[in-house]
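This report refers to the structure that appears directly beneath it.
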Amino acid sequence: MLELALKNLAGIPNVKLTHASLETYDFKKETYDCIFSQLTLHYLEDFKQICENIYNSLRTGGEFVFSVQHPVLTSAFISGGGKRGNWVVDDYFLIGERVELWIDEKVVKVYRTIEQYFKILQDCQFNIINLSEATPDKSSFSSEKEWKRCQRIPLFLLFACEKRRRK
């Protein structure tokens with residue numbers, strides 16, 4: 001992934017990529033204008049600590065933009081691999097680990113509700129400026145059948161947040 005990112009960002013000035021664990025990364029205070037995370041934060045146990053670290057490392061007015069798998073998708077795993085044709089929303093308010101079979105490996109995710117994500121971001125003093133459930137765009141699909149399948153349930157949850165001064 002790092003190699004792909006380097007390739008995609010080639011030629012863009014002032015870009016620095018670091019390969020590190022979010023739990024142990026040395027977040028520098030008030031350093032960044034934007035922190036972006038795509039489908040990683042639902043693997044981390046202590047989301048609040050990560051949000052605190054990110055908040056502290058952003059300059060005032062800096063943005064934190066991230067996506068996670070949508071909680072209605074991950075609340076109950078009936079994991080059999082392959083494309084799902086039905087979705088069960090169960091154990092929605094039971095927060096914690098979910099184990100899923102993915103490419104013949106067991107993957108552990110930490111399940112949270114939308115409310116929990118929202119509350120933690122507020123507690124960390126982020127101003128939530130946008131929330132999206134990634135409504136499928138028909139033009140992004142090669143077949144009508146796949147587009148209709150993906151319209152049945154939200155797959156992703158996206159937040160755009162801004163660092164505001166602490167009260």
GLY62 vs (1) open to solvent by less than 30 Å² (accessible area, probe 1.4 Å); (2) without any contact (Cβ under 8 Å) to a residue 40 or more places away in the chain: all pass except (2)
If you go through THR74, THR113, THR31, THR135, the only one that is closer than 16 Å to ILE153 by Cβ, open to solvent by 30 Å² or more (accessible area, probe 1.4 Å) and of a type in the set (Ser, Thr, Tyr) is THR135
Given the conditions (1) over 11 Å from the mean Cα position of the chain (by Cα); (2) open to solvent by 60 Å² or more (accessible area, probe 1.4 Å), every one holds for TYR43 apart from (1)
Based on what the data block shows, is ILE103 of a type outside the set (Asp, Glu), farther than 16 Å from PRO154 by Cβ and loosely packed, with under 11 Cβ neighbours inside 10 Å? yes
If we take the range 48-167, then helices (runs of 4 or more DSSP H) inside it with 2 or more residues that are acidic (Asp, Glu) and closer than 30 Å to THR31 by Cα are 114-123
Within the range 138-167, the count of residues that are open to solvent by less than 90 Å² (accessible area, probe 1.4 Å), of a type outside the set (A, V, I, L, M), touching a residue at least 24 places away in the same chain (Cβ under 8 Å) and farther than 26 Å from GLU52 by Cα comes to 2
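Name every residue in the range 95-124 that is of a type in the set (Phe, Trp, Tyr) and out of contact with any Lys or Arg (no Cβ under 9 Å at 6 or more places or on another chain), in order of residue number.
TRP102, TYR117, PHE118
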Those residues of the range 1-24 which are polar (S, T, N, Q) and not in a loop (DSSP other than H, G, I, E, B) amount to ASN8
Scanning the range 126-155 residue by residue, those closer than 19 Å to VAL65 by Cβ and either modelled with pLDDT of 95 or more or of a type in the set (Asp, Glu) (or both) turn out to be PHE126, ASN127, ILE128, ILE129, ASN130, LEU131, SER132, GLU133, ASP137
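The values are calculated or read from the model by the stated rules, or taken from the named source; none is laboratory data. This one's a predicted model, so the numbers in the text were calculated from it and none came from an experiment. Every residue, glycine as well, gets a Cβ built from its backbone with ideal geometry; the counts of neighbours run over all protein chains shown. Accessible surface is based on the protein model in full, side chains and every heavy atom, while ligands, DNA and RNA are left aside. Shrake-Rupley method; radii C 1.70, N 1.55, O 1.52, S 1.80 Å.
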